[in-house]
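Taking it in order: structure first as structure tokens, then the write-up.
The values are calculated or read from the model by the stated rules, or taken from the named source; none is laboratory data. Keep in mind the model is a prediction, meaning the values are calculated, not measured. In this analysis, Cβ positions are derived from the backbone assuming ideal geometry, glycine residues included, and neighbour counts consider all displayed protein chains. Side chains are part of the model used for accessible areas, which takes the heavy atoms of the whole protein and leaves out ligands, DNA and RNA. Shrake-Rupley method; radii C 1.70, N 1.55, O 1.52, S 1.80 Å.
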Amino acid sequence: AVDFDLARIEALTSFLGAQAGASKSGSARSGVTTRVLSTFSRVITQMQVYCSAYPSSLAVSSAADRLLQVSLEKLAATDLNGLAIVQNTALVFGALNCGATPKDTTSTVDSVGFILNLNFPSDIDRTMCNIQTARSVFQYAKWGALSFLLQKLLEGVSGNEMDGDRRTLLTNLFDVAEDSVYSTPADSLMPLFDCCVVGARSFLAGDNDESSDADGLYTKNLAKIVDSLFALKSEVTSGRPSIYMLDQICSLLFRSDLLMNEYNRWLVEGDDVSMPIRDAFRRLMEMSVERPHISRIALSYISVAWRGKSNELSTVGLGAIPYRTDICDLLLRKEVKLEKSSAVQEADILTGPIDLPPRSDASSITRGFILMFLSSLPDVNDNLPRSTLVELLRFIIHHLMNDVCLVPNSRSSIMIGGPEYSKKMRAWQALYVLSRFVTQDIADSVCENIFESMGQNLHGGIRYFVEAFAIQFARRHPTFFGRKLVTEIRRTDLSLQNISSLLIVAGNIIVGRYKDDFLPKINTDDETVVDLKEILAGTIPWLSSTQGFTRAISQLLVHELVPLVIDVGDSEEISLSDSDWYLKTNYRFLDDNMEMKRLRKKQSRFFDQYDVDEMCSAKALLQLEVDEGSEANPDYAVDAIKKCLELVYQESHENETPMWKQVADMMEESKETSSNGNAHATQDEPVSFQRKVIPLDSLELDLEVSRDARLKNARGRKKQKLIVCASLVDKVPNLGGLARTSEIFAAERLVIPDTTVCKMDNFRSISVGAGDWIDIEGCREDQLLNWLRKQKEQGYAIVGVEQTSSSIPLSSHTFSDKTVLLLGKEKEGIPVQFLQIVDVCLEIPQFGVIRSLNVHVTGALCIWEYTCQMMEQQLSSSRDQT
């Protein structure tokens, strides 16, 4: 069987000559090459099966050894023609696949050197051979044979144990490999790549520290390895081979011992030192900007290497120090969104030593691995090297604070999902993870930065992480935070955002679950570092704030602080001669009032459940739900407190309703009573009406005011009878734009799938507050059909904006006074089940290349056309009357 397959190889290479002289197109020649290489690969695979099935067969080994010897001797002959060189190189590769071995080490060294310097013959007659196919077979066989020979030659020999001959061979290998990249056909690149990997693994094995590189030879060879591997990788950019190459490069280069070698050189020579592995990492990060799978594989290896060996605690994190500027940049990176059909999705089949949590967002791959690395480092008091703390972690903290978080916004309000928003959001999340590395010697400057940041105009999502970082800081450095809190809370120029953050943090460390980490540590029996009276004095004025949740937290804090600064006593009588009578009076009211009790109970529960430790890890951060800008969207404390206030208000006012509503309820109840058979009650029968007696003139006034309010907009102008239905629109910016346009043209109301989007920052910024001045109704897609039927019953015409076989141009349609404008989904339009109920479909003529308009623009054009027609009708009516 072995002889048969060796004969097949010989026949296959002879076939190259049989293809001579035929005039073939480029695609035909390429097809021949592919078929020949495919057959050649199958034969080689079959021979490997023989070798593994019969590992001790003397027949196989002797035949293979004999063929290897003969083929090498023929290649060494000077009179061998070009086609015979290709043929014998292929036979050498085939023999090696069958387990053939050179006689001894000297023979192996000679064979490697000989084959390495073997070039594709230039004297092949193009009329006698298919040059393209011959070159592919030759390069495939040459580098495949070298892979086998190098494995045997370097087996069990580490880099620092190599003799001069082996080192010289490897140096030549990397030189020849780099030069051969562009002359090797694409079909033969994988054997060349594998050959380089085999040589590089042996070269990099062992202790190649800085002391053994006095002449710089190790660093130069390492640079050659990197250049060779990347040159090969650049020729294979997609598919499984590309992923395989990437994985091999990363597993080869990103090892803790190699990173420590570079760190030691960097420590001596600084940033100007040659660092081939860091250069390789930076090249990969540049490549990964448009191909995120590259960063996923690279970072899964290097983040483990940065961490170091688990049994060498003294070196934990040191290898990452030369990469600290890269780490700062990567913590802020946001990956581009790719289509699911993209070829790089094949990266999902590979995972490195570690992987991200399963629910991680696709835009956080890079920073996800960095956060995982930072989370894996030990605490300051748990064997963390001082150099890692100072040179790496403190550097990152200062960089994120000063160069990102404290940079003023380029404008008063930044957009959700925009570059500034994303950078600040990601920077504060990283600082949140790093909060445990803020030590006493930098606490003062970090404290100043925290309070400066709380004074910035920030979105709720970013402010959440600023406050969480502040709480962690206050727990670890209570005196620093307490002294600054006393100063800040008494300022008279605080914005509502600023005081909200101060009170939320204060609520957590004075009232909530973290008060035991703060209160006992700010003062001692011998010294008062933070006077709680000053915090109380700064909180009391905010009891009269115009902002509801500020008042609510202030009430909670005052109720908690007063007993800590004075003796409130048990007596119900409070003497005005008592110096603390004002505080006692306020405390007694807050303590006894039912509404205050109800509010305090709900808020206390909130602060008790506010767990910043749970979120202070990379895993928790990466599993947060994201907003439409692909950034973390946590439940902000202010929103939670607002909900508390709403619940308290509803509970305390649940029996209070407007007069006209009470009458309506009475009339409805009367109808129900009549339908139940009580309509025949006589005048003598007692009827109990436990209702208020409402004056008729008050009732009529209330009803009239309510009716007028519904018919006019906030400016007092009569609303148009146009309902803009955007229940099928799911992008918040488009909904915000439609709210703005609908309000400007006095639409009756806007219908959206979920009214909670009105509270989102990007809805508010795009609508510029229009949501406060127009009636907005919620109607989900599954409720839309019934809703449209009801509007039709009320006399509204349903007008859909969609291109159909029966649609008419917008300019050709005459709108009814009462109209529902139904807008479709982005890219999909109006689903067929809703088209069945519309009265007419409108389309907007287009004259450009792009086939569709943004749904907000479409809605705006239709609203304006409706408005123009209504204005024309009013003008025509006025003329007729005159």
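Structure data summary
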| quantity | calculated |
| --- | --- |
| Within-13-Å neighbourhood charge of GLN783 [Cβ basis; K, R +1; D, E -1] | -1 |
| Contour minus Cα-Cα distance for THR106 and SER544 (0.36 nm per residue) | 148.4 nm |
| Theoretical gain in end-to-end length, SER238 to ILE850 [0.36 nm per residue, Cα-Cα removed] | 217.3 nm |
| Under Karplus coefficients 6.51, -1.76 and 1.60, residue-wise ³J(HN,Hα) of the range 256-273 in Hz, glycine/proline x | 4, 5, 5, 5, 5, 4, 5, 4, 5, 5, 4, 4, 7, 9, x, 5, 7, 5 |
| Accessible surface of the range 386-474, 1.4 Å probe, proportion on carbon and sulfur as whole % | 52 |
| Spin-label model distance (nm) - TRP581 vs LEU389, 7 Å beyond Cα toward Cβ | 5.5 |
| J(HN,Hα) series, the range 490-498, from Karplus relation 6.51 cos²θ - 1.76 cosθ + 1.60, nearest Hz, glycine and proline x | 9, 5, 9, 10, 6, 6, 5, 4, 5 |
| Extension reserve of the ASP165-THR487 stretch, reckoned as 0.36 nm per residue once the Cα distance is removed | 108.6 nm |
| Magnitude of the charge dipole, the range 726-826, Cβ model with Lys/Arg +1 and Asp/Glu -1, debye to 20 | 80 |
| Estimated FRET transfer efficiency (ALA1, GLN69; beta-carbon r; R0 25 Å; 0.05) | 0.75 |
| Gyration tensor verdict on the range 258-344 (Cα atoms; rounded if a/c is under 1.5, prolate if a/b is larger than b/c, oblate otherwise) | prolate |
| Cβ-based net charge around PHE480, under 10 Å, with every Lys or Arg adding one and every Asp or Glu removing one | +1 |
| Long-range HN-HN contacts of LYS825 with modeled amide H, under 5 Å | ILE830 |
| Point-to-point label distance, GLN873-ASP839, nm (Cα→Cβ direction, 7 Å offset) | 1.0 |
| For LYS818, residues with placed amide H under 5 Å, excluding near neighbours | ALA797 |
| ³J(HN,Hα) computed for each position of the range 478-483 - Karplus, 6.51 cos²θ - 1.76 cosθ + 1.60, integer Hz, glycine/proline x | x, 5, 4, 5, x, 5 |
| Positive minus negative residues near ASN449 (Lys, Arg vs Asp, Glu; Cβ under 12 Å) | -3 |
| Out-of-range pairs (alpha-carbon distance over 31 Å; input LYS423/LYS719; LYS334/LYS601; LYS424/LYS515; LYS233/LYS309; LYS334/LYS825; LYS533/LYS602) | LYS423/LYS719; LYS334/LYS601 |
